[in-house]
Amino acid sequence: MTHFPNMPEPVPVIVSGCGAITKFFYASALAFLEEKRVVRVAAVCDPHEPNRAGIAARFPHAKSVARFEDVPFASDSLVVVASPPRLHATQSIFALEKGCGVLCEKPMAASLADAEAMADAANRTGRPLAVGLYRRFFRATRVIKEICTHGTLGQPVSFEVEEGGAFRWEAASDSFFRREATPGGVLYDTGVHTLDLLLWWFGEPSRLDYRDDAAGGQEANCTLELGYTPGFTGRVRLSRDWATRNTFRLNFTRGSIAWNVGQAGQLTLSLDGVTTVLRGDVLPRHDDGLTLLGHSAGEGSPQAFIHQLINLADAIRGRAALAIPAAEGLRSLRLIEACYRERRAMDQPWLSPAETAGLARLQRRTAA
Ligand SMILES: NC(=O)c1ccc[n+]([C@@H]2O[C@H](COP(=O)([O-])OP(=O)(O)OC[C@H]3O[C@@H](n4cnc5c(N)ncnc54)[C@H](O)[C@@H]3O)[C@@H](O)[C@H]2O)c1
């Protein structure tokens, strides 16, 4: 174990929700940070005993509790809210009021109103509330942000985004498909990440055209056209069952960027007709806690989860500003709710005229 003589005591961590995201990402990130004495897992919470037991086994020194209210909260703990979205607001507000800092998984909440109540609680208590929009920690997405901010490739002209494929996430519950747990489909799920990046890079759109295939339930596919006041436009296609290219293509007056969603540390840049793949040391590095901790094993989602936790631990200790505070989490939910208000039926030419009419009726009923 590495000891840093001047390091403060590890930040106690409470994990609420021991499903897939905790199993595949938080558990390893927390184990790494425990090893470095940045955090110490104090409690894991999940009403489903088998899911909880799997995580508790990785942190045998932590308390294992079924009910969130029974967690032994100490102020200045770091609470990871990784339960289904409908529970995010209650659990985050409860934890903030106990004096804890919260890292809430995306979507920030099951409605914009709930998310706003969470942001209010963070303001009222003065405790940090971070939202798990982990892609903002990718080097590639940060470089794109810099390019947009500084106009390196000129002004934006258009973008096309395709994301998704057959739903393969090994969820530990049916929470993704029950409206009582998650109010929307693909847009409310991975779409939160997609829209968050677009909002971060390009700001709020001034008009939208949103279509999906929901027939009274959750959408598996959707298309979104966005218009921006400076005069550029963008198209987004998301899917839970069609193969897509999983790429962002961003066109500017002097060049373009192609970014593959799975490549945290690589992007393809064309400037004045010359195309270059940026990766490795060519892609600028930002100074980060991971390098300081001696982490050298690649670059991707696992590392981004570690970054999120380091940032919140530092914010709890008053040593850093939050990278993704509550106000940033509100932006994608605001846009998603606007999309659902404007929802129209997606073209589905394989449906019969009677089925198309039935779909339109179901959509009107859902909107009402
Ligand atoms: N950052 C990402 O890219 C990403 C990826 C997947 C999931 N997520 C998000 O993480 C959250 C959890 O997703 P998941 O894939 O782990 O879901 P999951 O269905 O696999 O697990 C949810 C877990 O929450 C537990 N739970 C239910 N009620 C609870 C309560 N009252 N308190 C504590 N736990 C409770 C369930 O028993 C289950 O173990 C969701 O908000 C989801 O959108 C984020």
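A short reminder: the numbers here are calculations on the coordinates, not readings from a lab. Keep in mind it's a predicted model, so treat the numbers as computed, not measured. Methodologically, a virtual Cβ is constructed for each residue, glycine included, from the backbone with ideal geometry; neighbour enumeration extends over all protein chains shown.
Of the peptides 82-91, 206-215, the order by per-residue mean of other Cβ atoms within 10 Å, starting with the highest, comes out as 82-91, 206-215. Shape summary: the stretch 170-294 maps onto an equivalent ellipsoid whose semi-axes, from the alpha-carbon gyration tensor, are 30, 22, 13 Å in decreasing order. Counting only Cα atoms, the size of the stretch 146-221 along its three principal axes is 45, 26, 20 Å, in decreasing order. Just so you know, the Rg over Rh for the stretch 69-128 is 0.93, from Cα atoms, with Rh as the Kirkwood radius. Counting every pair of alpha carbons in the stretch 186-251, the share spaced more than 17 Å apart comes to 41 percent. Here the stretch 157-227 and the stretch 323-368 have alpha carbon centers that stand 9 Å from each other. Taking the DSSP beta bridges with both ends in the chain, the antiparallel portion is around 55 percent. Each Lys or Arg adds one and each Asp or Glu takes one away; over the other residues whose Cβ falls under 10 Å from the Cβ of Asn246, this sums to -1. Evaluating 6.51 cos²θ - 1.76 cosθ + 1.60 at θ = phi - 60° for every residue in the stretch 178-192, the Karplus couplings come out as 10, 5, 5, 9, 9, x, x, x, 4, 5, 7, 9, 5, x, 4 Hz, glycine and proline recorded as x. Converting phi to 3J(HN,Hα) with the Karplus coefficients 6.51, -1.76 and 1.60 and the offset θ = phi - 60°, the stretch 129-134 yields 10, 9, 10, x, 8, 5 Hz in sequence order, with x at every glycine or proline. As a test of the formula, what do you get for the chain when each DSSP H run with n ≥ 4 contributes -39,500 (n - 2.57) and the sum is divided by the residue count, at 222 nm and rounded to the nearest 500 deg cm²/dmol? My calculation for the chain gives -10000 deg cm²/dmol from helical runs alone. Reported value for the stretch 3-104: 86 Å³ per residue, from the convex hull of its C-alpha atoms. Take every pair of alpha-carbon atoms less than 8 Å apart whose residues are at least six positions apart; their mean separation over the length of the stretch 190-249 yields a relative contact order of 25 percent. For the chain, the relative contact order is 18 percent, taking Cα pairs closer than 8 Å that sit 6 or more residues apart in sequence and dividing their mean separation by the residue count.
Based on the inverse mean of 1/r over its pairs of different Cα atoms, what is the Kirkwood hydrodynamic radius of the stretch 103-260, in Å? About 17.0 Å, per the Kirkwood formula over Cα pairs. Computed from backbone phi, the HN-Hα couplings of the stretch 37-45 come to 6, 7, 9, 9, 5, 9, 7, 10, 9 Hz, rounded to whole numbers (Karplus: 6.51 cos²θ - 1.76 cosθ + 1.60, θ = phi - 60°; Gly and Pro given as x). Relative to the 2.2 N^0.38 Å rule of thumb, the stretch 304-368 has a C-alpha radius of gyration ratio of 1.95.
Charged neighbours of Phe25, selected by a Cβ distance under 14 Å, balance to +2 (K, R count +1; D, E count -1).
Determine the sum of side-chain charges near Arg40: Lys and Arg each +1, Asp and Glu each -1, restricted to other residues whose C-beta is under 10 angstrom from that of Arg40. Counting the neighbours of Arg40, the net charge comes to -1.
For the chain, a Kirkwood hydrodynamic radius built from all Cα pairs, placed in the Stokes-Einstein relation at 37 °C and 0.692 mPa s, yields a translational diffusion coefficient of 152 µm²/s.
The modelled label-to-label distance between Ser270 and Arg317, using points 7 Å beyond Cα along the C-beta direction, is 4.6 nm.
Kirkwood-type hydrodynamic radius, the stretch 39-198: 17.7 Å, calculated from all non-identical alpha-carbon pairs. For the listed residue pairs Lys23/Lys98; Lys36/Lys63; Lys36/Lys98; Lys23/Lys63; Lys36/Lys145, the alpha carbons are over 23 angstrom apart in Lys23/Lys98; Lys36/Lys98; Lys36/Lys145. Legend: Rg and Dmax of the stretch 86-167, from Cα coordinates, 16.9, 47 Å. Structure remark: mean-square fluctuation, Gaussian network model of the chain, C-alpha springs under 10 Å; the largest value among Ala109, Ala166, Ala27 belongs to Ala166.
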